[in-house]
Amino acid sequence: MARSAAETTDSTMTYKHWKLDAGSEGIGWLTFDKADSSTNTLSADVIAELAAILDALRTQRARGLVIRSGKASGFIAGADVEEFTRVESTEQALAIVRRGWDLMNKLAALPFPTLALVDGFCMGGGLELALACRYRIAVDQPGTRFALPEVMLGILPGWGGVMRLPRVIGPSAALDLLMTGRSVDARRAKRIGLVDASVPPRVMDNAARMLVLEAPPQRKLALLQRLLNGPLKFVVAAMARRQLRAKARPEHYPAPYAILDLWAKYDGDPFAPPPGNPASIATLVEGDTARNLIRVFMLQERMKALGKASDFTARRVHVAGAGVMGGDIAAWCAMRGITVTLQDQSAERLAPAMKRAAELFKRRLRDKLRIRDAADRLIPDVSGEGARHADVIIEAIFENLEAKRALFARLEAIAKPTAILASNTSSLKLADIGAELADPSRLVGIHFFNPVPQMQLVEVVSGSNTDAETAAKAAAFVRQIDKLPLPVRDSPGFLVNRVLGPYLNQALKLVDQGVAPETLDAAALRFGMPMGPIELADTVGLDICMAVGKELAGEAQPPRRLKELVDGGNLGRKTGRGFYEWRSGKAQKGATGSVTPELVEQLIAPYLTEAQAAVSEAIVADADLADAGLIFGTGFAPFRGGPLHYLKCRKS
């Protein structure tokens with residue numbers, strides 16, 4: 001007769017991070033609840049404890065094992081990134097990889113059924129642990145997501161993910177997740193075969209119990225997928241490499257190329273590539289890209305922490321102005337669970353914003369009930385009465401000082417005394433906007449970037465009169481809607497537009513001097529920017545570029561070609577023509593022309609100079625936050641670690 005899980009380990013043994021409970025049917029329920037942490041991460045001591053538990057269980061006759069989380073925050077966030085930041089040698093980094101690799105192989109080799117019950121995020125090493133189990137069940141709720149995001153840190157999944165994921169879901173789907181870091185929700189995970197079932201929370205424990213007791217044969221890939229994962233690997237690899245080269249340069253981002261080679265040539269074994277091979281972990285961790293991308297990750301975590309200085313939570317938001325920016329801000333807030341009233345002068349002006357919101361909900365939420373609930377939370381409000389009940393009021397009208405002052409006078413008169421008054425201005429000084437308010441300390445800048453659904457950064461602007469607690473509440477609100485807050489001082493252009501302005505102006509002047517827009521865009525891409533400056537200007541809108549440039553540069557004459565295009569009504573992507581013709585959302589470009597190192601330097605120099613000036617003038621608190629803001633706000637080449645970090649490294 002099989003012994004219960006309680007009998008499989010020494011009853012006197014206790015663990016700091018794990019708890020093993022016995023089920024009545026011989027199933028062990030192993031709960032991961034990392035001590036002194038709000039999140040489960042696989043640190044060295046966590047792995048050591050789990051290895052000891054698995055060793056003990058292996059010698060016994062347990063009927064099965066279910067691994068679950070004791071955290072409300074999710075399943076497992078992955079490896080402890082802090083450990084990677086402390087390594088001082090390649091050998092130490094490889095030791096971390098070896099530790100996890102051995103653990104996952106030990107889990108996979110257990111002689112009884114194992115199941116990962118995933119409720120909440122399952123990232124990196126957490127997904128590799130789930131893949132090492134025989135079965136996986138996803139709890140169908142909004143927070144459940146699966147991803148292998150190591151590529152975004154410039155490294156690769158070294159604990160078995162590159163080996164096991166293609167065997168579970170097929171090589172094409174696996175490489176898409178491995179090489180992009182993209183996540184999938186519970187339902188998508190079930191559709192692609194990543195999990196055996198997707199169940200509601202109320203039945204998750206019973207579903208896990210039944211699956212372990214029934215112990216059905218593991219699902220096999222279709223014959224074609226098995227062939228593509230074996231003798232026809234070269235077909236998948238060649239196609240994936242072509243697609244990858246169109247998106248990322250190997251000298252900038254070597255990790256996705258290493259992942260592809262590790263799967264295609266070494267069956268996902270991270271210790272198989274010889275030293276110096278591009279697919280080896282040692283090569284990746286010794287390179288600048290991994291160090292810089294891990295630095296960017298830590299900067300991102302710092303920005304998230306800036307939103308925790310206040311426990312403020314908004315239940316209702318009022319957005320005044322239903323243009324592209326205001327409408328998208330309102331839609332995003334509604335999608336994140338907040339009741340939103342969206343104000344404009346007529347139903348006709350509100351209609352386009354409501355239509356875009358519906359498209360966003362459908363694209364992002366996918367589930368009919370969630371789409372319906374988000375749509376119900378977004379309320380058109382011609383009268384503006386929603387401002388009376390709002391916790392946060394965001395002004396998002398056109399860049400006109402008098403118009404903004406008049407609007408805020410009306411809003412302040414009806415707003416709750418505790419409500420945050422916020423402007424989404426991109427170029428006007430906050431102090432000027434709030435000059436006539438009865439209580440200017442309530443006014444803060446909450447500056448979003450276009451397109452709102454894609455851009456993570458939001459500048460939180462403190463004017464000379466802004467109350468510190470109001471700014472802290474604004475930062476908390478930004479985190480509540482899953483954006484990254486960057487505190488900045490009230491100054492023309494703040495940080496992002498202040499730095500982007502000279503960069504774009506330099507590019508536009510070079511166009512006037514005869515350099516082709518395609519050549520300038522290619523020069524920026526060669527440096528590592530995600531988009532060239534001319535395509536960026538077309539995307540933002542040439543009228544906006546000219547208005548912001550005028551505001552920042554005073555009476556300076558705008559670049560000649562820019563003025564000609566704006567005067568002719570050719571405003572870029574939104575009108576179908578700017579510096580480029582736009583078809584189906586894509587710029588139609590001609591030949592690139594010759595890109596020289598001198599042109600790259602000439603193009604980027606104003607950006608770097610202005611970034612230094614912004615730090616020296618204390619627009620942001622320090623160089624690290626400037627780097628973070630410019631990476632997440634302008635897309636400055638992440639593999640370089642930020643403009644100030646890049647300059648520092650270049651000088652050393």
message = Rounded to two decimals, what is the ratio between the C-alpha radius of gyration of the stretch 316-487 and 2.2 N^0.38 Å?
response = 0.96
task = Could you work out how far apart the two model spin labels at residue 288 and residue 574 are, taking each label as a point 7 Å from the Cα in the direction of the beta carbon, and quote it in nm?
result = 3.8 nm
query = Between the stretch 202-257 and the stretch 497-513, what's the alpha-carbon centroid distance in Å?
reply = 44 Å
ask   = What percentages, rounded to whole numbers, describe P(r) for the stretch 274-410 computed over all alpha carbon pairs with 10 Å bin width beginning at zero?
value = 11, 29, 24, 16, 11, 7, 1
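Starting from the Kirkwood radius over alpha-carbon pairs of the stretch 243-305, derive D by Stokes-Einstein at 10 °C in a medium of 1.306 mPa s and give it in µm² s⁻¹.
On the way: Rh = 12.8 Å.
Estimated via Stokes-Einstein, D reaches 124 µm²/s.
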query = Assuming R0 = 22 Å, what is the FRET efficiency of residue 272 and residue 105, from their Cβ-Cβ distance, to the nearest 0.05?
reply = 0.95
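Find out how many positive minus negative residues lie around residue 184, taking Lys and Arg as positive, Asp and Glu as negative, among other residues whose Cβ is under 9 Å from that of residue 184.
Values: positive: 145, 182, 187, 188, 191; negative: 185.
Once positives and negatives cancel, what remains is +4.
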key: Spin-label zone in the stretch 325-360 - amide nitrogen under 16 Å from a point set 7 Å from the Cα of residue 414 along the C-beta vector   = 340-347
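Under a point-charge model restricted to the Cβ atoms of Lys and Arg (+1) and Asp and Glu (-1), what is the dipole moment magnitude of the chain relative to its Cα centre, in debye to the nearest 20?
On the way: 82 positive and 72 negative charges, 463 e Å.
Once rounded to the nearest 20, the dipole reads 2220 debye.
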query = If you take the beta carbon distance between residue 586 and residue 33 as r and set R0 to 56 Å, what does 1/(1 + (r/R0)^6) give as a FRET efficiency, to the nearest 0.05?
reply = 0.70
task = Mark the label point 7 Å from the Cα of residue 187 along Cα→Cβ and return the residues of the stretch 348-375 whose backbone N is within less than 20 Å of it.
result = 357-375
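Note down the Stokes-Einstein diffusion coefficient of the stretch 497-618 in µm²/s, whole number, using a Kirkwood radius over alpha carbon pairs, 4 °C, and 1.567 mPa s. It would help to have the intermediate numbers written out before the result.
Working: Rh = 14.6 Å.
Translational diffusion coefficient: 89 µm²/s.
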For the stretch 82-97 and the stretch 590-620, distance of Cα centres in Å = 34 Å
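Give me 509, 651 sorted ascending by neighbouring Cβ count inside 10 Å, so fewest comes first.
Details: 509 15, 651 6.
The most exposed by this proxy come first: 651, 509.
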inquiry  = Can you compute the modelled spin-label distance between residue 431 and residue 351, with each label point 7 Å from Cα toward Cβ, in nm?
reply    = 4.4 nm
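Multiply the residue separation of residue 21 and residue 602 by 0.36 nm, subtract the distance between their alpha-carbon atoms, and state the gained length in nm to one decimal.
Values: separation 581, 0.36 × 581 = 209.16 nm, distance 6.47 nm.
Gain on stretching residue 21 to residue 602: 202.7 nm.
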key: Residues 359, 610 arranged by fewest to most Cβ contacts within 10 Å   = 359, 610
query = Roughly how many Å is it from the Cα centre of the stretch 547-586 to that of the stretch 325-392, as a whole number?
reply = 29 Å
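What length, rounded to one decimal in nm, is gained on full extension from residue 141 through to residue 369, with 0.36 nm per residue of separation minus their alpha-carbon distance? Could you put the intermediate results ahead of the total?
On the way: separation 228, 0.36 × 228 = 82.08 nm, distance 1.22 nm.
The residue 141-residue 369 span can extend by a further 80.9 nm.
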message = If R₀ is 30 angstrom, what is the calculated FRET efficiency for the pair residue 650 and residue 242, using the beta carbon separation as r and rounding to 0.05?
response = 0.35
Candidate values (1) 26.8, 89; (2) 25.1, 86; (3) 28.8, 91, label of the one derived for Rg and Dmax of the Cα atoms in Å = (1)
key: Residue (of 507, 614, 572) at the positive-pole extreme of the stretch 497-618, dipole from beta-carbon charges   = 572
task = Using DSSP, restrict attention to beta bridges with both residues in the chain and report what percent are antiparallel, rounded to the nearest 5.
result = 25 percent
ask   = For the stretch 5-286, what is the percent of antiparallel DSSP beta bridges, rounded to the nearest 5?
value = 25 percent
message = I want to check the label-to-label distance for residue 468 and residue 172. Put each point 7 Å from Cα in the C-beta direction and report it in nm to one decimal.
response = 5.8 nm
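Throughout, read-outs are computed from the coordinates displayed, never taken from laboratory work. All figures in this text were calculated on a predicted structure; none of them were measured in a lab. Note that we place each Cβ from the backbone using ideal geometry, even for glycine, and neighbour counts take in every protein chain shown.
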